[in-house]
Structure formats: structure tokens, C-alpha cells
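Shown next, in C-alpha cells, is the structure this report addresses.
The values are calculated or read from the model by the stated rules, or taken from the named source; none is laboratory data. Note that the coordinates shown come from a computational prediction; the quantities given were computed from them, not determined experimentally. Here the Cβ positions follow ideal geometry from the backbone for every residue, glycine too, while neighbour counts run over all protein chains shown.
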Amino acid sequence: MGRDLFDWLTGFPFAVTWVCRTAEQTEQFEEVFVKKQRRAIKYGLGDENTTRFRTVNTIITSDMEKLTHCDLVLETITEDIECKRTLFHKLQQILPETCVIASNTSSIPPDTLFKGLSNQKNCVGLHFFFPVALKNFVEINTAENTSKQAISTVENFLNRTERFYLKLSGNDQFIINRLFLKMQAGCCRLIQEDLMDIREIDVLVKENLFPVGIFEFFDYVGNDVMLQSVRNYLAYEKDPDFYLPMIKMLEQKVKEGKLGKKTKTGFYDYPVKKISSKDLGVSTKREKILQQIIHWYLDGVFDVLQRKICSRKELEFLVKEYMAVEQSPFDLAMKNGYKS
């Protein structure tokens with residue numbers, strides 16, 4: 001995510017400093033950045049003034065001391081609370097008092113994450129979605145001690161980059177990922193109950209709902225990342241037992257080292273041979289199970305709507321943007337006679 005955010009940010013007139021983990025990474029990414037600027041000039045993708053600005057105002061380094069001039073720092077390291085806390089303690093010794101620290105955490109509650117820091121008022125969750133350039137929405141997840149000034153800083157930043165955002169607190173945090181959680185957990189229960197296999201469920205979902213299947217999505221995100229996120233999300237859910245089969249399935253994959261696409265094996269072995277419902281044969285239960293999956297999905301959608309986290313129009317936009325679909329969840333609800 002760090003590299004993706006960096007590539008996106010250098011498209012704006014900001015002074016950007018990217019702190020890498022090692023000097024070797026720094027050298028590698030600097031070389032890539034310089035080549036990219038040269039290609040932009042060569043193929044007419046940018047003018048010389050823009051390239052000059054980017055070159056002068058972009059720093060790629062492994063030295064955190066280079067962040068002392070920043071007014072906003074975006075943290076994008078691994079989804080590990082202790083690693084993040086260690087980093088934040090180091091940052092607060094370096095950064096100016098007015099600098100806002102924004103964590104891209106996708107699941108760790110900000111109040112838990114920033115606990116014990118002396119500059120909690122300047123800390124906030126700022127959750128981008130991958131790929132950043134194509135996903136035009138961000139979650140601002142605020143902690144109890146996050147100041148109005150810190151929130152204003154990130155809002156101004158997002159407005160300058162023309163990002164749509166939701167400002168979330170308490171039980172509403174990370175709501176975009178959690179919106180689909182019941183559907184994902186339900187599909188794992190179908191596996192547990194031996195009603196369908198993984199391929200059947202994913203084909204059913206892809207042919208009727210989304211361009212990616214449930215278990216393909218897990219593999220794409222990384223089963224280790226999914227596991228940690230789901231564990232964190234349970235603190236927000238009313239019926240945590242419903243999600244236990246999903247946790248057990250993810251735990252097993254992680255134990256086996258099958259983390260998904262990044263290890264070339266997860267719920268699937270990669271590369272995956274494409275299949276359709278025609279390859280799976282006739283099934284009388286398929287339509288009934290599809291209706292159940294749709295119901296779980298719409299439960300998540302209408303839960304967000306009923307809690308007035310955002311407007312109906314905003315929610316429709318978020319679902320379409322997140323899942324890259326044209327079909328409105330509300331049209332789907334009407335078509336299927338859904339009642340919340």
C-alpha cells in the first residue's frame with residue numbers, strides 16, 4: 001500500500017517524502033521514480049515544469065529524520081499493532097507538535113492503536129483502499145482524543161485530492177469492509193455445512209453479484225491480513241459466533257502458509273484456471289443458496305443505511321466503487337423482494 005500511495009501522491013503538487021524500510025529499497029525505488037519521470041517527458045505524459053517540481057519536491061529515503069518538515073504523515077506498515085505503536089513512539093520524538101499522524105490501518109480501532117501516545121490529539125485513522133488511484137473513497141476513523149484540528153487537516157488534504165470520504169467513529173469505524181463481512185462469513189458457513197464447495201460459491205457470486213469471488217478476494221487481500229482484520233472486526237459485531245467458521249478457515253490457511261496470491265497458493269493454487277457454472281454441472285440448490293448469499297449481502301447494506309452512517313446515494317456510490325459493479329444494491333433488493 002505504501003508504494004501505491006506514493007505513486008498516487010506524486011500526481012499532486014505536494015512535497016512528498018517516502019520513508020522506506022532499508023537503504024536497498026530506497027535505492028531501488030529512487031531508480032524507478034527517476035525512470036518514470038523520464039518516460040513521462042519522452043512520451044508526452046507530462047511537461048518539464050511538472051517533472052521538475054516532482055523531482056525537486058520528492059524525497060525517497062530510509063531516514064525518518066527527513067520527516068521533520070512534514071505536516072501530515074501517512075503510516076502504511078504491516079497490520080500489526082505492536083509494530084505500528086513502536087513506529088508512532090519514534091515518530092512523536094521526531095515530528096513537529098502540529099504534525100498529524102494518520103494510520104492507514106484497515107481494522108485496528110484508533111483508540112486502541114494510539115493508546116499511550118503523548119500526541120493522541122494529532123492521531124487519526126485514514127484508511128485508503130487499493131488501488132488508491134481507482135478507489136475514490138477514504139475512511140477517516142477518529143479516536144476519542146483526535147482533535148478537530150487534526151480532522152480538519154486530513155479533510156483539507158482529501159478535498160485537495162478530490163477524494164470522497166466518510167468520517168467515522170466508535171462502532172461505525174471500518175464500515176466499508178465490514179459491510180461485506182456477514183456475506184463472507186455466511187459463505188464460509190456454507191462450506192462448513194458442506195452445502196457447496198469454494199469454487200461453486202465463487203462462480204455463483206461472480207456470475208450474479210461481483211467480479212471477484214469470496215475466496216478469490218481472501219486470496220487477493222492475503223489470508224493472513226484477512227484473519228487479523230476479521231479478528232479485529234469482531235469487537236464491533238453483535239453475533240461474533242456467526243464469524244467463527246470464517247476465522248477457523250483463515251487460521252488453517254495461515255497455519256499451512258497458504259496466504260493467497262502472494263504465496264501462489266491459498267484457497268486456490270495460482271495461476272487459476274477459469275471456470276463457469278457450465279463446468280460445475282447442474283445443481284438444484286444453487287438458486288436457493290444464491291438467494292441466501294444475496295440476503296447476507298443486503299443485510300450489511302441496510303444495516304449501514306439504518307444506522308445513518310451515510311446517505312442512500314453515498315452508500316450506493318461506495319458499494320459500486322468498492323466492488324466495481326454497476327448494479328445498485330437497492331435495485332437488487334427490490335428485484336429479490338428483500339426485507340430487512
Starting from the stretch 56-69, take each residue that is loosely packed, with under 13 Cβ neighbours inside 10 Å and list its partners that are among the hydroxyl-bearing types (Ser, Thr, Tyr) and not in a helix (DSSP H, G or I), counting only C-beta distances under 9 angstrom and pairs at least six apart or across chains.
-> HIS69/THR17
Of all residues in the stretch 249-271, how many are on the phi < 0 side of the Ramachandran plot and in contact with a helix residue (DSSP H, G or I) (Cβ under 8 Å, 6 or more places away or on another chain)?
-> 12
Going by the structure shown, is LYS238 basic (Lys, Arg), at pLDDT below 95 and outside any helix (DSSP H, G or I)?
-> yes
Does the stretch 187-196 contain at least one residue that is without any contact (Cβ under 8 Å) to a residue 12 or more places away in the chain and either among the β-branched types (Val, Ile, Thr) or closer than 26 Å to LYS320 by Cβ (or both)?
-> no
Taking helices (runs of 4 or more DSSP H) that fall entirely within the stretch 87-193, which contain at least 3 residues that are of a type in the set (D, E, K, R)?
-> 148-160
Looking at this structure, is THR76 under 14 Å from ARG3 (Cα atoms) and modelled with pLDDT of 95 or more?
-> yes
In the stretch 165-180, is there at least one residue being surrounded by fewer than 23 Cβ atoms within 10 Å (Cβ to Cβ), under 30 Å from ILE214 (Cα atoms) and of a type in the set (Ser, Thr, Tyr)?
-> yes
Residues (modelled with pLDDT under 85 and aromatic (Phe, Trp, Tyr)) located in the stretch 40-68 | TYR43
Could you please give the count of residues in the stretch 108-139 that are among the small types (Gly, Ala, Ser), surrounded by fewer than 22 Cβ atoms within 10 Å (Cβ to Cβ) and at negative phi?
-> 2
Of these, ASP279, ASP269, which one is modelled with pLDDT of 95 or more, surrounded by fewer than 19 Cβ atoms within 10 Å (Cβ to Cβ) and not hydroxyl-bearing (Ser, Thr, Tyr)?
-> ASP269
Restrict the check to the stretch 220-241 and report whether at least one residue is in the same structural domain as TYR270 (by TED's automatic domain parsing) and closer than 23 Å to LYS335 by Cα.
-> no
Residue tally, condition small (Gly, Ala, Ser) and surrounded by 13 or more Cβ atoms within 10 Å (Cβ to Cβ), over the stretch 16-51 = 2
Filtering the stretch 132-152 down to residues that are modelled with pLDDT of 95 or more and among the small types (Gly, Ala, Ser) yields ALA143, SER147, ALA150, SER152
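Residues are listed down the side, and each one gets a yes or a no for (1) touching a Leu at 6+ places or on another chain (Cβ under 8 Å); (2) without any contact (Cβ under 8 Å) to a residue 12 or more places away in the chain; (3) of a type in the set (Phe, Trp, Tyr):
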position	(1), (2), (3)
ASN122	no, no, no
PHE128	yes, no, yes
LEU134	no, yes, no
THR142	yes, no, no
LYS148	no, yes, no
ILE151	no, no, no
GLU155	no, no, no
ARG160	no, no, no
